[in-house]
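The numbers here are math on the coordinates, done by the rules we state, and not lab data. Just so you know, these numbers come straight off a predicted model, no measurement behind them. Please note: Cβ atoms are built from the backbone with ideal geometry, for glycine as well, and neighbour counts cover all protein chains shown.
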Amino acid sequence: MAEAVSIPSAELIQEFLTEKGREVIKKMFYGFESAQMVRKFDGVTDKLDLAEQDVTVSLIKEWNSSLGFTDDAIEIRKVRLEVAEMKTELKFVIKGETLRAYKAYLKGAGLVADDFSLIDYLLMQPQEKQMEELEDAMWQGEEQSSGIGTRTLLERVNGYRTIAKQAGVDGDATVVTTGSIDNTNAVTKVQQMYKAAHKTFKKKGVHIYCSYTLFEAYQEHLLSLHNNADLQIQEVKGMGYTLQGIPLRIGARKSMLIPVAGMGDDDGLIATRAEFLAYGFDYESEQSEWDIQKHGWETWALNAFPVGFQILLKKPGFLLVNDQL
């Protein structure tokens, strides 16, 4: 049996995490791909009521000497961003092979223990897995009514796909019938989504989100139509977000097709703008920090945090989904 190796005391580890913990937790909430693509709301611990304005009537009228005020011209739509309390609980038994693997990692990376501690090493893969689960839940999450108390993040919160699809059912989004999409029709189908958007939305630029599988099919179809097509990925920055995708060849070239790892592998499409995709969390909460405890040979690592997603503008022509979502 491999010898057990003692690690620093829980007090020393906790001191390390107190000094560095914010950075560790911030990486979890901000470090995955889609976190860069959406509008982030930090400090949400329960509910956050947001609002979108819409002018529903004509404002400019022919002059005459009588006052004729426009009543209720501005419609305020309240949208609620709710977060769910989630947690991660890990248990380690630190043995000789763990310490040897850690030392080998340091040597291979050209690091020393002061650069990358044992706790950093132990939490490295769990943190990567947390970010992967956040990525998937942001898009594919669908709240389940069964299994309360044991649900995973994917089963506890509604992601953008679920929210957008329900908006289509409720009449709050345009549903575009594209049918199945492959490398023989992807360009045509994506343009079909764009053409269904409201003209003011086209002027600002429509952000069309898809899976990497569909994105590659689009690239292949584009090359088959135009063998000199520019497939260079372009970057666009906005209200706290950064998008990378291919500008559409129609319109004012402000609209983009954007591949998203969390979308899965199907033919689903969501068209909106990044500033309307809300992501709520609270990384500065004490609960969010890793709590490290020693119990005999075991080391426990615990953290709890709120997280949730919402689409802020649900309106036909401004939120579009296809029938493959």
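May I ask for the distance between the Cα centers of the range 198-235 and the range 263-307, given as a whole number of Å?
Each part's Cα centre sits 30 Å from the other's.
Can you tell me the relative contact order of the chain? Whole percent, Cα pairs under 8 Å, sequence separation 6 or more.
Across the chain, relative contact order equals 30 percent.
Cα gyration tensor of the range 172-258, axes a ≥ b ≥ c as square roots of the eigenvalues: rounded (a/c below 1.5), prolate (a/b > b/c) or oblate?
Here the range 172-258 falls in the oblate category.
Suppose R0 equals 56 Å; then what is the FRET efficiency for ALA113 and SER66 from their Cβ-Cβ distance, rounded to the nearest 0.05?
That gives a FRET efficiency of 0.10.
Enumerate the amide H contacts of ASP291 below 5 Å, restricted to partners 5 or more residues apart or on another chain; note that Pro and chain-start residues carry no placed amide H.
For ASP291, the qualifying residues are LEU302, ASN303.
For HIS295 and GLU82 in the same chain, what is the full-extension length gain: residue separation times 0.36 nm, less their Cα-Cα distance, in nm?
73.1 nm
Relative to the present Cα-Cα distance, how much length would full extension add between GLU89 and SER146 at 0.36 nm per residue of separation?
Length difference between fully extended and current span is 18.4 nm.
Quick one: which residues, 5+ away or cross-chain, put their amide H under 5 Å from the amide H of ASN322? H built at 1.01 Å from N.
VAL176, LEU269
Could you rank the peptides 298-304, 210-216, 226-232 by their average count of other C-beta atoms within 10 Å per residue, with the highest value first?
210-216, 298-304, 226-232
Can you tell me which of ILE181, ILE119, ILE60 moves the most in a GNM of the chain? Springs connect C-alpha atoms under 10 Å apart.
Comparing ILE181, ILE119, ILE60 in the GNM, the peak value goes to ILE60.
Once the dipole of the chain is set up with Lys and Arg at +1 and Asp and Glu at -1 on Cβ about the Cα centre, which of GLN130, PRO259, GLY149 lies farthest towards its positive end?
Final value for the positive-end residue is PRO259.
Based on DSSP H runs of at least 4 residues, each adding -39500 (n - 2.57), what is the mean residue ellipticity at 222 nm of the chain after dividing by all its residues, to the nearest 500 deg cm²/dmol?
Helix contribution divided over all residues of the chain: -10000 deg cm²/dmol.
Please build a GNM for the chain, connecting alpha carbons under 10 Å apart, and tell me which residue among GLY31, GLY171, GLY141 fluctuates the most.
Of the options given, GLY171 has the highest mean-square fluctuation.
Once fully extended, how much extra length lies between LYS26 and ALA252, figured as 0.36 nm per residue of separation less the alpha-carbon to alpha-carbon distance?
Fully extending the segment from LYS26 to ALA252 adds 77.7 nm.
Quick check on the exposure proxy: order TRP63, TRP290 from fewest to most C-beta atoms within 10 angstrom.
In order of increasing Cβ crowding within 10 Å: TRP63, TRP290.
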